[in-house]
Amino acid sequence: MGESLYSWLTVGRSSHPIDFFLMVDCSRGGTGVSGAVDLLSGGRVLVCRIRSEDVEDLASGATVLGAGGGGDTWVTGAMLFEAIGRFGSIELIGPTQIGRDELVLTIGMVGAPAAILEQFPGPAEVERAIRALERILGQPCSAIMPLEVGGTNALFPLAASAWLGIPCVDADAMRRAFPHVDMTLLALEGIGAGPAAFTGCPGTDVVVRAPTNQGIEVMARACIREMGLVAVMAAYPMTGTQCREASAHGSVTYCLELGRKLAAAAPDHPHALDDFLTFVHGRSLFEGVVVHVNRPVAGVPGSRGTVVLEHLANPDRLLRVEFQTENIVALEEGRAVVTTPDLIVALHLETNQPISTEAISPGHRARIIGIPAHPRWTTADGISLAGPRSYGYDLDYTSFEQTRE
């Protein structure tokens, strides 16, 4: 997509480039936002319509923003493709198009990624979760928003939007993937995760309330174990005003464009990733071969994994990446090169496609890149909620820019 097909509109308190709202024509052959305005029946202006040809790029962008975790996008990509084929293109609206008192709910799948491959939720579970909160709150849901734009939960809310005919907001609550329900930009602005509804494929439904977001997280994990290890979650009920003020604007279109930039990066070109890295404001940190992988112990909360890479040009250089579900910290010679909440992403050297923490194995030739997080995450309370110490590491957050050579 050329420069003429999009324009940037500043949103929010930050001037950071990825905190902007991307107005984009999602169709590769479209005429851009300068043409006819696409309206919903309620008079809202659409950011764009997500079409079947966008699914692959969305899935690729979501895998990058998963930072090694977030779950495999294959299943939710198939769900989204089928939903578009059945119901047509999906309406994506900006946060500013929501009435100030209208109800917005975040939607996502939660649980064990492997369980999703065996029993993946569908329209019935989504509808039960949303209707449960509508009954409790006494108000219809006017729009849904991805809980996170990394991994499976970047695509699943779009399919949910098609199934229920409810517009999806071009925003999310993380601007990446995190492993816990309470790790959100919404939480940083004082918005509660509850009441939260969880619906499982066996027909088990639970509504959870707790005085804290961490309490919602703890109770949700206990419930999901009894629901087959996977459930649909509707949470963080908020007003349109709260959505505008607290969410990460433009996340879905950012994810889509990120996937397009990566798809355009020809692996055999020496500067193939330049356009991609410029777009995400990231940089390549290390190129090497994976020589060791130690995976977390399944079922043990907080268990850690380690990947060690040997530099291709200088075998004496080693990079160690620590992960749980997502990559958390990358260290060279005991020095942190990049840490959460910034994103640490492994790309295949041969294909430039992202490698998850579940898939990475000895012998993989990989490029490790760093991508700065949404700027709200690098404030003091953001680092407290999602920095290395929140995962149990005795490390301070290392600013992505401070490690630049």
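The values are calculated or read from the model by the stated rules, or taken from the named source; none is laboratory data. None of the values given here were measured: they were computed from a predicted structure. Positions of Cβ are generated from backbone atoms using ideal geometry, with glycine treated the same way; all protein chains shown enter the neighbour counts. Surface accessibility is based on the protein's heavy atoms, side chains included, excluding ligands, DNA and RNA. Shrake-Rupley method; radii C 1.70, N 1.55, O 1.52, S 1.80 Å.
Descriptive notes on the structure:
- Whether segment 189-251 is rounded, prolate or oblate, judged on the alpha carbon gyration tensor where a/c under 1.5 counts as rounded: prolate
- Each listed q (0.22 Å⁻¹) maps to a log10 I(q)/I(0) for segment 89-166, found by the Debye formula over equal Cα scatterers with no solvent: -1.10.
- Rounded to the nearest Hz, the phi-derived 3J(HN,Hα) couplings of segment 341-356 under the Karplus curve 6.51 cos²θ - 1.76 cosθ + 1.60 (θ = phi - 60°) are x, 5, 8, 10, 10, 9, 10, 4, 5, 6, 10, 6, 8, x, 10, 7, where x marks glycine and proline.
- Phi-derived couplings, Karplus 6.51 cos²θ - 1.76 cosθ + 1.60 at θ = phi - 60°, listed residue by residue for segment 141-152: 7, 8, 7, 10, 9, x, 5, 9, 9, x, x, 4 Hz, with x used for Gly and Pro.
- Centre-to-centre separation between the Cα atoms of segment 365-397 and those of segment 79-115: 27 Å.
- Counting only protein heavy atoms and a 1.4 Å probe, segment 287-389 has 41 square angstrom of accessible area per residue.
- Qualifying GluC sites (Glu not before Pro) in segment 79-128, DSSP loop, other Cβ atoms within 10 Å at most 13: E118
- Values of log10 I(q)/I(0), in the order q = 0.12, 0.21 Å⁻¹, for segment 44-128 under a Debye, Cα-only, solvent-free model: -0.45, -1.26
- Residues of segment 142-259: accessible area per residue with a 1.4 Å probe, Å²: 25 Å²
- Inverse mean reciprocal Cα-Cα distance (Kirkwood Rh) of segment 355-397, Å: 12.6 Å
- Stretching the chain fully between F87 and D396 yields a gain of 106.5 nm (0.36 nm per residue, less the alpha carbon separation).
- Distance in nm between pseudo-label sites at A112 and H271 (7 Å out along the Cβ direction from Cα): 4.8 nm
- Solvent exposure ordering (accessible area, 1.4 Å, most first) of H269, H311: H269, H311
- The value obtained for the chain, namely the Cα convex hull volume divided by the number of residues, is 133 Å³ per residue.
- Close amide H pairs (under 5 Å, H built 1.01 Å from N) link F286 with I368, residues at least 5 positions away or on another chain.
- Helical contribution to [θ] at 222 nm, DSSP H n ≥ 4, -39,500 (n - 2.57), averaged over the chain, rounded to 500: -7500 deg cm²/dmol
- 3J(HN,Hα) from dihedral phi, segment 233-250, Karplus parametrisation 6.51/-1.76/1.60, rounded to Hz, x for glycine, proline: 10, 10, 8, 6, x, 8, 7, x, 4, 4, 4, 5, 7, 10, 7, 8, 6, x
- Distribution of pairwise C-alpha distances over segment 314-402, 5 Å bins, in %: 3, 14, 24, 24, 18, 11, 5, 1
- Carbon + sulfur, % of accessible area of the chain - ligands and nucleic acids excluded, 1.4 Å: 52 percent
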